[in-house]
Amino acid sequence: MNRYLLAFLLCIITSFAFSQNIKLKKGKILIEGKEFLSCEKGGAFGAVAYELSELNTNKRIITLVQNDGGTHMEISDDYTQIKFLTKGERAEIRGGNIYNAIKLLLKNGVLTPEGTLDESQIDLFIKNYDEKISENTTILR
């Protein structure tokens, strides 16, 4: 019994240790309280777009589009489209959460801890994570 409790506590502690605290505040994305990227919010018709820019140069590098799949009450069809503006490519991942998308980009080295884009990691990210959701979705009107 004690062994199971210890294993459970170890899992909980490690999940908190490796999670990053990401917040959106006053047009800035903060990681662990430190300004990381500039962010401008926009969008319409079931999609919310976030334009991410480097802090130093104010150069737009990524657009994250949260799409609810046309059904605002159903979350199973939500996805996030990640547009890499410097390369003209995109990837679509399940879920409509900007914070999870940023964590995934950080984890895979596409975004560096300094708030810049590592273009050499974009192709590998697209190959591994792009689910091509909009291409495989039929919307009935």
Practice problem: Please verify whether the stretch 94-117 includes one or more residues that are exposed (fewer than 13 other Cβ atoms within 10 Å of the Cβ) and over 16 Å from the mean Cα position of the chain (by Cα). | Solution: yes
Exercise. Sort out which residues of the stretch 30-48 are aromatic (Phe, Trp, Tyr) and crowded, with 17+ Cβ neighbours inside 10 Å, and write them in order of number.
Key: Phe36
Quiz item: All but one of (1) assigned to a helix (DSSP H, G or I); (2) at pLDDT 85 or above hold for Glu135; which doesn't?
Solution: (2)
Exercise. Identify the residue in the stretch 49-77 that is buried (at least 17 other Cβ atoms within 10 Å of the Cβ) and of a type in the set (Val, Ile, Thr) and, among all such residues, is modelled with the lowest pLDDT.
Key: Val65
Quiz item: Ile82 is checked against (1) under 19 Å from Glu131 (Cα atoms); (2) touching a residue at least 40 places away in the same chain (Cβ under 8 Å); (3) of a type outside the set (S, T, N, Q) and fails just one. What number does that condition carry?
Solution: (2)
Practice problem: Could you look through the stretch 20-40, keep only residues that are closer than 11 Å to Tyr99 by Cα and outside any strand (DSSP E or B), and pick out the one that is modelled with the lowest pLDDT? | Solution: Gln20
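The values are calculated or read from the model by the stated rules, or taken from the named source; none is laboratory data. Because the structure is a prediction, the values reported are computed rather than measured. Cβ: placed from backbone, ideal geometry, glycine included. Neighbour counts: every protein chain shown.
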